[in-house]
Amino acid sequence: ETGVTQSPTHLIKTRGQQVTLRCSSQSGHNTVSWYQQALGQGPQFIFQYYREEENGRGNFPPRFSGLQFPNYSSELNVNALELDDSALYLCASSLDRGRGETQYFGPGTRLLVL
Amino acid sequence: GDSVTQMEGPVTLSEEAFLTINCTYTATGYPSLFWYVQYPGEGLQLLLKATKADDKGSNKGFEATYRKETTSFHLEKGSVQVSDSAVYFCALKTSRDDKIIFGKGTRLHILP
């Protein structure tokens, strides 16, 4: 059974550009959550997808958007990149929604915006 | 709003020392509580969890007990190893929504 995978591992963009990050959830998991982890900080929740629908959103502007596909893999899109978007972006999958469900994290994509 | 507060690091200990990393939380309702660990250059790994009051989570020699009366979930290990050097995050998930709220993390250095 493969775990959560993310691509690419590293990415460098310039301010104003757009970026797409990808996540493959663990086998059998229908829920994917995205987090942003700035250097030296704890991860911050961006949004969650459950069975291809957005199921909750954190305090991030609309230029952060996402998708979940029928195979439950997911994309995070960020438009009009700003310098402060430089961070580690983590994807986590879980078997289902719910308070007791464990979220399993991927290795992350490190984004640098110049 | 809901939040997690954990002791600031870095924490530096000698091998075989006793470890405590304090964590307290603020949440409405009955959250689930977690400790995640992040090794250098890697993503987060679940270390242990507890879903109700007085539950004890344990894994790899680490333990934490869900204390509702003190709203705490302190992480302990009796004898640390150099390989335990990492950043440790205390976190909660409420019944209201599915997002995990993390503390700022505590960096742990174990000296041989």
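Filtered by the rule that a residue be surrounded by fewer than 21 Cβ atoms within 10 Å (Cβ to Cβ) and more than 10 Å from chain A (Cβ to nearest Cβ), the range B:81-105 gives B:81, B:82, B:83, B:84, B:85, B:86. Condition (residue is at positive phi and either assigned to a strand (DSSP E or B) or crowded, with 18+ Cβ neighbours inside 10 Å (or both)) applied to the range A:31-42: is it met by at least one residue? For the range A:31-42, residues at positive phi and either assigned to a strand (DSSP E or B) or crowded, with 18+ Cβ neighbours inside 10 Å (or both): absent. If you go through the range B:10-36 and keep only what is farther than 25 Å from residue B:66 by Cβ and within 12 Å of chain A (Cβ to nearest Cβ), you end up with just B:10. Here the condition is being in contact with a helix residue (DSSP H, G or I) (Cβ under 9 Å, 6 or more places away or on another chain), of a type outside the set (Gly, Ala, Ser) and under 23 Å from residue B:2 (Cβ atoms); of A:44, A:36, it holds for A:36 alone. When residue B:59 is evaluated against the numbered criteria (1) farther than 18 Å from residue B:30 by Cα; (2) away from chain A (no Cβ under 14 Å); (3) surrounded by fewer than 20 Cβ atoms within 10 Å (Cβ to Cβ), which criterion, by number, is the only one it fails? Among (1) farther than 18 Å from residue B:30 by Cα; (2) away from chain A (no Cβ under 14 Å); (3) surrounded by fewer than 20 Cβ atoms within 10 Å (Cβ to Cβ), residue B:59 violates only (2). Within the bounds of the range B:37-50, is there any residue that is more than 14 Å from every other protein chain (Cβ to nearest Cβ) and over 10 Å from the mean Cα position of the chain (by Cα)? Within the range B:37-50, not a single residue is more than 14 Å from every other protein chain (Cβ to nearest Cβ) and over 10 Å from the mean Cα position of the chain (by Cα).
Only a single criterion out of (1) open to solvent by 10 Å² or more (accessible area, probe 1.4 Å); (2) in contact with a strand residue (DSSP E or B) (Cβ under 6 Å, 6 or more places away or on another chain); (3) more than 19 Å from residue A:101 (Cα to Cα); (4) not small (Gly, Ala, Ser) is not satisfied by residue B:51, namely (3).
When the range B:10-34 is filtered for residues that are in contact (Cβ under 8 Å) with a residue 60 or more places away in the chain, part of a loop (DSSP other than H, G, I, E, B) and open to solvent by 40 Å² or more (accessible area, probe 1.4 Å), the ones remaining, listed by number, are B:10, B:15, B:16, B:18, B:28, B:29, B:30. Return yes when residue B:108 is in a strand (DSSP E or B), in contact with a Pro (Cβ under 9 Å, 6 or more places away or on another chain) and more than 10 Å from every other protein chain (Cβ to nearest Cβ) and no when it is not. Yes; evaluated as a whole, the condition is true for this residue. Number of residues in the range A:28-55 that are modelled with pLDDT of 90 or more and away from every other protein chain (no Cβ under 14 Å): the value is 1.
Residues in the range A:15-27 that are at pLDDT 95 or above and open to solvent by less than 70 Å² (accessible area, probe 1.4 Å) were compared, and the one that is nearest to residue A:114 (Cα to Cα) is A:16.
The values are calculated or read from the model by the stated rules, or taken from the named source; none is laboratory data. Everything numeric in this text was worked out from a predicted model, so none of it was measured. Positions of Cβ are generated from backbone atoms using ideal geometry, with glycine treated the same way; all protein chains shown enter the neighbour counts. Accessible surface areas use protein heavy atoms only, side chains included; no ligands, DNA or RNA. Shrake-Rupley method; radii C 1.70, N 1.55, O 1.52, S 1.80 Å.
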